[in-house]
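> The structure's right below; bear with me while I get my questions together.
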Amino acid sequence: ITIILIIVYCILTGASPSVVRASIMAIVFLVGVLLERETEIYNSLSFAALIILALNPQTLFDVGFQLSFISVISIVWMSAKIEKSILKWLNIKSRMLIWLLRSVAISISAYIGVMGLIVYYFNILTPVTLLANLFIVPLVSFLIVTGLCLIVAGSIFPAIAFVFANSTKFCIDILLGSAYLFSKL
């Protein structure tokens, strides 16, 4: 059922290269779970690239394709190393701080990975991205949860759906406002 929902989601969002990549990787992971086999992230990523490029080889030259794959590769390759080196340097024990540190490590590794492409394609260097990601990524996660709750509540208990609708709208307003402020930095 989840695989079918992932395919539907991919189609509903317009099947951009990054969504197709994420969908294929999620499906490969789920098939691995169904077959009781462990999946390897680099194999899943390569399989996603192979399928996307087999369907349309010109996608290789799409900026979204390049940014999506480079960011995932750099997150997988660098984030744990960055996290370990910062943990070793700061000696943090708090779970909340470790979670925040993990977010910072992921943001730094993605930024380092795509920085060259961003400069090449858009002629800008945006170090504020690191700070923006610390705020926007958790907010988007919360927004997804409230949106899913809105769909479920609207389908089952329409009388209380307004609570989730207002929460979702509030999150969207904060997200857009903060994205605007960060873009001005």
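> Taking only C-alpha pairs under 8 Å that are 6+ residues apart, what is the relative contact order of segment 1-95 in percent?
On the way: 49 pairs, mean separation 25.1, N = 95.
Across segment 1-95, relative contact order equals 26 percent.
> Tell me, Kirkwood radius of segment 1-89 from alpha-carbon pair distances, in Å?
Working: mean 1/r = 0.0704 Å⁻¹.
Every distinct Cα pair counted, the radius reaches 14.2 Å.
> Then there is this: What accessible surface, in Å², does a 1.4 Å probe find on Val19, ignoring ligands, DNA and RNA and rounding to the nearest 10?
Its heavy atoms expose roughly 30 Å² to the probe.
> Now for a separate question. Counting just the Cα atoms, what span does segment 65-164 cover along each of its three principal axes? Round to the nearest Å and put the largest first.
The principal-axis extents, from largest down, are 49, 40, 21 Å.
> Starting from the Kirkwood radius over alpha-carbon pairs of the chain, derive D by Stokes-Einstein at 37 °C in a medium of 0.692 mPa s and give it in µm² s⁻¹. All intermediate terms of the calculation are to be shown ahead of the outcome.
On the way: Rh = 18.8 Å.
In µm²/s, the coefficient rounds to 174.
> Still on this structure: Taking the Cβ-Cβ separation of Ile172 and Ile51 as r and a Förster radius of 30 Å, what is the calculated FRET efficiency to the nearest 0.05? Mind dumping the intermediate values first?
Numbers: r = 32 Å, r/R0 = 1.08.
E between Ile172 and Ile51, to the nearest 0.05, is 0.40.
> Quick one: accessible surface of Tyr111, probe radius 1.4 Å, all protein chains present, in square angstrom to the nearest 10.
Only protein atoms counted, so the area is about 30 Å².
> Below 8 Å between Cα atoms, with a sequence gap of 6+, how large is the relative contact order for segment 8-51 in percent?
Working: 21 pairs, mean separation 17.2, N = 44.
For segment 8-51, the relative contact order is 39 percent.
> Whats the longest run of the chain with zero trypsin sites (Lys or Arg not before Pro) that are DSSP loop and have at most 10 other Cβ atoms within 10 Å?
On the way: sites that count: Arg37, Lys93.
Result, exposed sites excluded: 94-185.
> Oh, and also: Could you tell me which helices of the chain pass both thresholds, a Cα extent of 24 Å or more along their own axis and a mean Kyte-Doolittle hydropathy of at least 0.5, with helices taken as whole DSSP H runs?
Working: long enough: 17-34 (25 Å, 2.10); 63-90 (37 Å, 1.10); 95-122 (38 Å, 1.55); 128-156 (41 Å, 2.36); 161-184 (35 Å, 1.00).
Qualifying helices, which must be both long enough and hydrophobic enough, are 17-34, 63-90, 95-122, 128-156, 161-184.
> Another question about this same structure. For the chain, report the accessible area per residue in Å² (1.4 Å probe, heavy atoms, rounded to an integer). Intermediate results must be reported in sequence, preceding the final value.
Details: 12530 Å² over 185 residues.
Here the residues of the chain average 68 Å² of exposed surface.
> Please identify, among Ala159, Ala110, Ala15, the residue showing maximal mean-square fluctuation in a Gaussian network model of the chain using a 10 angstrom Cα cutoff.
Answer for the Gaussian network model of the chain: Ala159.
> Give me the accessible area of Ile124, 1.4 Å probe, in Å² rounded to the nearest 10.
Counting only protein heavy atoms, the figure is 80 Å².
> Would you be so kind as to identify which of Pro158, Ile7, Met78 lies farthest towards the positive end of the dipole of the chain, taking Lys and Arg as +1 and Asp and Glu as -1 on Cβ and the Cα centre as origin?
Of the listed residues, the answer is Met78.
> Any idea what diffusion coefficient segment 134-185 gets from Stokes-Einstein, in µm²/s, Kirkwood Rh on alpha carbon pairs, 20 °C, 1.002 mPa s?
Numbers: Rh = 11.5 Å.
Rounded to a whole number, D works out at 186 µm²/s.
> Relative contact order (percent) for segment 75-185, with alpha-carbon contacts under 8 angstrom and 6 or more residues of separation? It would help to have the intermediate numbers written out before the result.
On the way: 67 pairs, mean separation 24.5, N = 111.
Value for segment 75-185: 22 percent.
> Per DSSP helix of 4 or more residues, -39500 (n - 2.57); summed, then divided by the residues of the chain. What does that give at 222 nm, rounded to the nearest 500?
Numbers: 7 runs with 153 residues, N = 185.
Result for the chain: -29000 deg cm²/dmol, rounded to the nearest 500.
> Summing +1 for each Lys or Arg and -1 for each Asp or Glu, what net charge is found among the other residues whose Cβ lies under 14 Å from the Cβ of Gly177?
Working: positive: Lys169, Lys184; negative: Asp173.
Residues close to Gly177 contribute a combined charge of +1.
> Report, ordered by chain and residue number, the lysines lying within cross-link reach of Lys93, taken as a straight Cα distance under 20 Å and ignoring same-chain residues fewer than 8 apart.
Output for Lys93: Lys81, Lys84.
The values are calculated or read from the model by the stated rules, or taken from the named source; none is laboratory data. Remember, predicted model here, so these are calculated numbers, not experimental data. Neighbour counts are summed over all protein chains in view; Cβ atoms, including those assigned to glycine, are modelled from backbone coordinates with ideal geometry. The area values use the complete protein model at the heavy-atom level, side chains included, leaving out ligands, DNA and RNA. Shrake-Rupley method; radii C 1.70, N 1.55, O 1.52, S 1.80 Å.
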